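Encoded as structure tokens, the structure appears first; notes follow it.
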Amino acid sequence: YMDLQSLKMIRMEQTDNALHRSSGFPMNMKTGSVRSAHPPDGGYGWFIVLSTFLVFGLTFGVIKSFGVFFVEIHHYFATSATASSWITSISVATVHFGAPVGSALSACFGHRPVVMAGGLLSSAGLLAGSYAQSLLQLYITVGFITGFGYALTWTPTVTMLGWYFDKRRPVANAVASAGECILTFILTPSFQLMVDHFSWRGAMLILSALQLNLCLCGALLRPLSRTSKDQKKHELTNTDSQSSSKSNSLRITRYVDYTLIANHRFMVYSMFGIFAALGFFAPPLFLVPFARSKGVEEYQAASLMSISAILDLLGRVIFGWLANLRLVKTVHQLIVTVVLLGIVLLLCPLASTYTQLAVFSSGYGLVFGATVAIHITVLAEVVGVERLGSALGFFMLIRSSGGLLGPPLAGIFIDKMSNYGAGFLMAGVALLVSAFFLVVLHFMNKKETENQKTICSKNGKESRDLKNRDLEKR
């Protein structure tokens, strides 16, 4: 039997040629597989956690804080909630849709240059958006260009984090994703302050400069080191590799593992992702406008996102730690948190004062953090760590439809009912539907476990029968 630990990280993110060249990956060109070092579960990996922490904050933290800009843009262009919400939805969908592109480009050119290019692109999109004269221009600049820049930074960084951690992966994911909470807590009131002093255009210009820090995050991404023995094997295999149509096709399949489509458990989990995305991104966008519609003062309305961010952080850390203890199955924990999140959103329209909205924000943040802390860990359990890179790209691609339609669909309900609370009702129902697919996944896991036990028992029985026959012959 081959050493399972040496196979754990094979073909992570369908490992890249650039990383292969820079760090000496021993590659078998016939199979397209790459053997990586054991995850250190610490050491320089904590700098990777720091990089991922900042990437989460400067991407999804900015998206969650965009509700401050939503109010100003909605009034400036005198448009409907649906039209204004397309800015965020296009950005979210582009992040998801561009995830496989980020994986493929990092496989081709390496993680550092791709993440740094993504930082430049996201900064350029916001810079151009600050001079936009129509919503269409904002769709293109802030929505598409900045969203694509986020895709180039987020996917390679999260994948690199998976390379560096194995036993501590739930904790590492929870700590890294906490960057979204802390930056949301800081950015939401800061955006409101900047909008009051410099208008939404000036605030967006400052934000474009802040996005350049993503380039520094990319510079922190260092490939795992390899032994000199592996490097010699790498040189020997390189001499046997010749460019041909067959090797080219194998190189492409390393970037994107299309066999995931045939993985039933992965596709069920992707359906969960679609409906969850419908409910994930609408509430943060409409929370500030909803509070303002209830007569809450500007800075108090912005502080609701900060309250949510603090409890979000607490939820990620606590439930990430609980997942690391393995007291219950991670998918069971995810089912409970998703159902609770849906119930909290359904109760939101009942809030009418700042105190009630603060209570809602606290509950929403805590349960949302608990959900986000473990959903990537569940994905790794569904497909295996060695396929996490491609699976993450595919999952984000499939989930992009939910991210694209979520805010505009909530906006349609808001415009029809003239009440921002309708958007929260839509999000809550979508999350409860997504929990159904997690229940289906649970039963599929249970059935697969029973089948494996049956096969193991049959193999054990056959081996015992063979031993008995050998003894009889003797």
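I'd like to verify a number: residues in region 350-372 that are among the hydroxyl-bearing types (Ser, Thr, Tyr) and closer than 20 Å to residue 438 by Cβ, how many?
2
Looking at (1) open to solvent by 20 Å² or more (accessible area, probe 1.4 Å); (2) under 25 Å from residue 286 (Cα atoms); (3) small (Gly, Ala, Ser), find the lone condition where residue 85 falls short.
Among (1) open to solvent by 20 Å² or more (accessible area, probe 1.4 Å); (2) under 25 Å from residue 286 (Cα atoms); (3) small (Gly, Ala, Ser), the lone unmet condition for residue 85 is (1).
Hey, among the residues in region 412-442 that are in contact with a Gly (Cβ under 8 Å, 6 or more places away or on another chain) and open to solvent by 70 Å² or more (accessible area, probe 1.4 Å), which one's nearest to residue 286 (Cα to Cα)?
Step by step, filter region 412-442, then rank; the result is 413.
If residue 217 satisfies all but one of (1) at pLDDT below 90; (2) of a type outside the set (Phe, Trp, Tyr); (3) surrounded by 22 or more Cβ atoms within 10 Å (Cβ to Cβ), what's the number of the condition it fails?
(1)
Only one of 382, 359 is in a helix (DSSP H, G or I) and under 25 Å from residue 304 (Cβ atoms); which?
Only one candidate passes the filter, namely 359.
Just checking: which of the helices (runs of 4 or more DSSP H) contained wholly in region 107-209 hold 3 or more residues that are more than 24 Å from residue 41 (Cα to Cα) and open to solvent by 10 Å² or more (accessible area, probe 1.4 Å)?
Counting at least 3 such residues, we get 111-129, 135-138.
Looking for whichever is at negative phi, buried (at least 21 other Cβ atoms within 10 Å of the Cβ) and not assigned by the TED database to the domain that holds residue 79 here; the options are 405, 409, 366. Which one fits?
Every option except 366 fails the conditions.
Yes or no: residue 172 modelled with pLDDT under 85 and small (Gly, Ala, Ser)?
Here the answer is yes, as residue 172 does meet what is asked.
Given the condition over 16 Å from the mean Cα position of the chain (by Cα), closer than 16 Å to residue 136 by Cα and hydroxyl-bearing (Ser, Thr, Tyr), answer yes or no: does some residue in region 63-78 qualify?
Scanning region 63-78, I find at least one residue that is over 16 Å from the mean Cα position of the chain (by Cα), closer than 16 Å to residue 136 by Cα and hydroxyl-bearing (Ser, Thr, Tyr), so the answer is yes.
Yes/no per residue for (1) assigned by the TED database to the domain that holds residue 354; (2) modelled with pLDDT under 90; (3) open to solvent by less than 10 Å² (accessible area, probe 1.4 Å):
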site	(1), (2), (3)
234	no, yes, no
238	no, yes, no
248	no, yes, no
266	yes, yes, yes
272	yes, no, yes
276	yes, no, yes
279	yes, yes, yes
283	yes, yes, yes
288	yes, yes, yes
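For region 59-70, what are the residues that are closer than 16 Å to residue 301 by Cβ, open to solvent by 10 Å² or more (accessible area, probe 1.4 Å) and in a helix (DSSP H, G or I)?
Hit for region 59-70 is 64, nothing else.
The values are calculated or read from the model by the stated rules, or taken from the named source; none is laboratory data. Just so you know, these numbers come straight off a predicted model, no measurement behind them. In this analysis, Cβ positions are derived from the backbone assuming ideal geometry, glycine residues included, and neighbour counts consider all displayed protein chains. For accessibility, only protein heavy atoms count, side chains too; no ligands or nucleic acids. Shrake-Rupley method; radii C 1.70, N 1.55, O 1.52, S 1.80 Å.
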